[in-house]
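J.: I'd like to ask you about the structure that follows.
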Amino acid sequence: MNNGPIICTSLCVQKTALICTSQPIDRPVDTVWFILHGYAQRAEEFLELFRSVFDENTLFVAPEALSRFYRRNHDGNIGASWMTSVERDSEIEDYVAYLDAVYNHVTEGQRGRPARVGILGFSQGSSTATRWISSGAVIPDRLVLWGGTPAAELRNPEFQKKLSNCRVDWVTGTKDRFTPPSQFDEILPLMDSTTNPILVTIFEGKHGLDPDTLVDIIGRTPVDKKNGS
């Protein structure tokens, strides 16, 4: 009998990903929003929540997280997750590389970087968005963290420097049990700056996308953190 330790190794493999968009990616637009769903959501259902802000000059791109699972007792209802604590570093590297590939795919379809690029992360998608910006190829003009927080390791002035030319909105509901407004008092001092303050929006509601607030946040065009339009 072999009583030695079990040996686990990592192997990089190819995987097919799902991307949902509001229109063809080769139709020229002024603005592209990459929207990252939360835990146990799917890209298509998440994108559907943005239909009220669809317009012909804006492309919404919803990549689906690479790990799917059955929700609610295996009744056929499926969700996806960006990562877990198992093989944490590898999972982060994988989704950053995946999101970079999505970004390159979209910019190739657009024949270059659009005039404005925004990223909106909801819930688990918020920490995913900040890690993507920190380690990936994307340099956004807008970042919206909705019902979620920056990744714990990025709550510092150094990460805020990477956002020096990016307008940052932080949105949550008054009754959001995952990111209550009180969290702002804890995290904002770690990231906020006088030259590029994080803009906080608190709506009346729970953990979710509030339609009226979404129109207000996404409808602020052109993207300009200085004049607040």
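The values are calculated or read from the model by the stated rules, or taken from the named source; none is laboratory data. Nothing here was measured: the structure is a model prediction, and the numbers come from that model. When we count neighbours, we look across all protein chains shown, and the Cβ atoms used for this are built from the backbone with ideal geometry, even at glycine.
Quick grid of which residues meet (1) touching a helix residue (DSSP H, G or I) at 6+ places or on another chain (Cβ under 8 Å); (2) modelled with pLDDT of 95 or more; (3) of a type in the set (D, E, K, R); (4) under 20 Å from Q23 (Cα atoms):
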position	(1), (2), (3), (4)
V102	no, yes, no, yes
E108	no, yes, yes, yes
V117	no, yes, no, yes
L145	yes, yes, no, no
G148	yes, yes, no, no
A151	yes, no, no, no
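J.: Among the listed residues E87, E91, which satisfies the condition of being in contact with a Phe, Trp or Tyr (Cβ under 9 Å, 6 or more places away or on another chain) and farther than 17 Å from A43 by Cα?
T.: Details: E87 fails: in contact with a Phe, Trp or Tyr (Cβ under 9 Å, 6 or more places away or on another chain).
It is E91.
J.: Only one of L214, L209 is in a loop (DSSP other than H, G, I, E, B), touching a residue at least 40 places away in the same chain (Cβ under 8 Å) and not polar (S, T, N, Q); which?
T.: Result: L209 is the single residue among L214, L209 that is in a loop (DSSP other than H, G, I, E, B), touching a residue at least 40 places away in the same chain (Cβ under 8 Å) and not polar (S, T, N, Q).
J.: Can I ask one more? When only residues in region 75-108 that are out of contact with any Ser or Thr (no Cβ under 9 Å at 6 or more places or on another chain) and β-branched (V, I, T) count, which is surrounded by the most Cβ atoms within 10 Å (Cβ to Cβ)?
T.: Per the stated criteria, the residue is V102.
J.: Mind listing whichever residues of region 1-47 are surrounded by 12 or more Cβ atoms within 10 Å (Cβ to Cβ) and either without any contact (Cβ under 8 Å) to a residue 12 or more places away in the chain or among the hydroxyl-bearing types (S, T, Y) (or both)?
T.: Result: T21, S22, T31, Y39, E45.
J.: Could you list all residues from region 178-206 that are part of a helix (DSSP H, G or I) and in contact (Cβ under 8 Å) with a residue 12 or more places away in the chain?
T.: Listed by number, the residues that qualify are Q183, F184, I187, L188, L190, M191.
J.: Between A101, A80, which is of a type in the set (G, A, S), under 22 Å from R27 (Cβ atoms) and under 18 Å from the mean Cα position of the chain (by Cα)?
T.: A101
J.: I would also like to ask the following. In region 45-72, what count of residues is obtained for those that are under 22 Å from I92 (Cα atoms) and of a type in the set (S, T, N, Q)?
T.: Residues in region 45-72 being under 22 Å from I92 (Cα atoms) and of a type in the set (S, T, N, Q): 1 in total.
J.: Has region 125-139 got any residue that is charged (D, E, K, R) and either in a strand (DSSP E or B) or touching a helix residue (DSSP H, G or I) at 6+ places or on another chain (Cβ under 8 Å) (or both)? Can you show your working first?
T.: So the first thing to find is which residues in region 125-139 are charged (D, E, K, R), and the list is 131.
The next check asks that each one be either in a strand (DSSP E or B) or touching a helix residue (DSSP H, G or I) at 6+ places or on another chain (Cβ under 8 Å) (or both); those that pass are 131.
Yes, the conditions are met somewhere in region 125-139.
J.: So in region 144-178, with the set limited to residues that are out of contact with any strand residue (DSSP E or B) (no Cβ under 7 Å at 6 or more places or on another chain), polar (S, T, N, Q) and surrounded by fewer than 17 Cβ atoms within 10 Å (Cβ to Cβ), which one is nearest to Y39 (Cα to Cα)?
T.: Step one: list which residues in region 144-178 are out of contact with any strand residue (DSSP E or B) (no Cβ under 7 Å at 6 or more places or on another chain), which gives 149-162, 164-165, 175-178.
Retained after the next criterion (residues that are polar (S, T, N, Q)): 149, 156, 160, 164-165.
Going one step further and asking which of them are surrounded by fewer than 17 Cβ atoms within 10 Å (Cβ to Cβ), we end up with 156, 164-165.
Numbers: N156: 24, S164: 29, N165: 29 Å.
Ranking the qualifying residues of region 144-178, first place goes to N156.
J.: For region 16-97, give me every one of the strands (runs of 3 or more DSSP E) that falls completely inside it and has 1 or more residues that are under 23 Å from A115 (Cβ atoms) and touching a Leu at 6+ places or on another chain (Cβ under 8 Å).
T.: 19-21, 31-36, 58-63
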